[in-house]
Each structure stands twice: as C-alpha cells, then as structure tokens.
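Worksheet for the structure shown next.
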Amino acid sequence: MLTEERVRDQLRNVIDPELGMDLVELGLVYDIGIHDEGRHVDVVFSLTSPMCPVGDMIQEQVENEVLSIEGVETVNAQLTFDPLWNPDMMSPAAKLFFGR
C-alpha cells in the first residue's frame, strides 16, 4: 500500500536549483493525498519565491517523480503560495545546513 512517507521519499529527488536542496527538506511539500488505492496522488507544494523562474520545471519533476512510483497512474501537482514559504518551514537539518 502506498504511503505518504513513500511519496515524500520519492520527492527528495526534486532539488530546488537555487538552494541545492530537495523540496522535502526545504519544507516546500505542503500536503500529499493518496486516492484510489494508490493509483492517484495529489501533491500540494510551493516554491521559495513566487518569482521563481523554474516553477514549471519543478512542477514537472514533482509529477514525474510521483509517477515513477509503482502503481501510481495519475498525479495532480498543485503549486500554491498559501501559505507563503519561509525558512522556518525547513527541516532541522536544512536549518542547520543554512546556519539558521
């Protein structure tokens, strides 16, 4: 059975090119929903800035990574800026890395 943790693990392959760290550690993955016995996954994610020029590329990477999980047939990767991301949302390891 597909779990949220499995999806998060796969999303660790999506790297924010500006910061060089994955979306999960940066706290950019806001929500994951698993439906239809794991055949459909919803991912709500954000970017470090609304002005990020690679937003479309990151969204495509999110979709491709989730679709690479065995059994997943469809994915809805939804970009949001509500709430607006801030460095306090990073994991403890990411905060340590960036000296926060």
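Using only the alpha carbon atoms of the chain, find the Kirkwood hydrodynamic radius as the inverse mean reciprocal pair distance, in angstroms to one decimal.
Across the chain, the inverse of the average 1/r is 13.7 Å.
In the chain, carbon and sulfur make up what percent of the accessible area (probe 1.4 Å)?
Solvent-exposed carbon and sulfur of the chain make up 50 percent of the total.
Among rounded, prolate and oblate, which fits region 61-100 when a ≥ b ≥ c are the square roots of the eigenvalues of its C-alpha gyration tensor, a/c under 1.5 means rounded, and a/b larger than b/c means prolate?
Judged from the Cα gyration tensor, region 61-100 comes out oblate (a/c at least 1.5, b/c at or above a/b).
Report, in deg cm²/dmol and to the nearest 500, the calculated mean residue ellipticity at 222 nm for the chain, where each DSSP H run with n ≥ 4 adds -39500 (n - 2.57) and the sum is divided by the residue count. Working shown, then result.
On the way: 4 runs with 31 residues, N = 100.
Counting only the DSSP helices, I get -8000 deg cm²/dmol.
Name the residues whose placed amide hydrogens come within less than 5 Å of the amide hydrogen of D22, ignoring near sequence neighbours (fewer than 5 apart) on the same chain.
Residues meeting the criterion, in which the H sits 1.01 Å from N, are D16.
Please figure out what share of the DSSP beta bridges in the chain is antiparallel and state it in percent, rounded to the nearest 5. Intermediate values should be presented prior to the final figure.
Working: 8 of 14 bridges.
Antiparallel bridges: around 55 percent, rounded to the nearest 5.
What is the spread of the Cα atoms of region 1-44 along each of their three principal axes, largest first, in whole Å?
Rounded to whole Å, the extents work out to 35, 15, 12 Å.
Using a 1.4 Å probe, what is the accessible area per residue for region 29-100, in Å²?
On the way: 4320 Å² over 72 residues.
I get 60 Å² per residue for this part.
Using the charge dipole of the chain (Lys, Arg: +1 at Cβ; Asp, Glu: -1 at Cβ; taken about the Cα centre), state which of T74, G99, V14 has its Cα farthest towards the positive end.
Ranked along the dipole, the leading option is G99.
Each residue of region 18-34 in turn: what ³J(HN,Hα) in whole Hz from Karplus with 6.51, -1.76, 1.60 and θ = phi - 60°, glycine and Pro shown as x?
6, 9, x, 9, 6, 4, 5, 4, 6, x, 8, 8, 8, 7, 9, x, 10
The values are calculated or read from the model by the stated rules, or taken from the named source; none is laboratory data. This one's a predicted model, so the numbers in the text were calculated from it and none came from an experiment. When we count neighbours, we look across all protein chains shown, and the Cβ atoms used for this are built from the backbone with ideal geometry, even at glycine. Note: areas computed on protein heavy atoms with side chains; ligands, DNA, RNA excluded. Shrake-Rupley method; radii C 1.70, N 1.55, O 1.52, S 1.80 Å.
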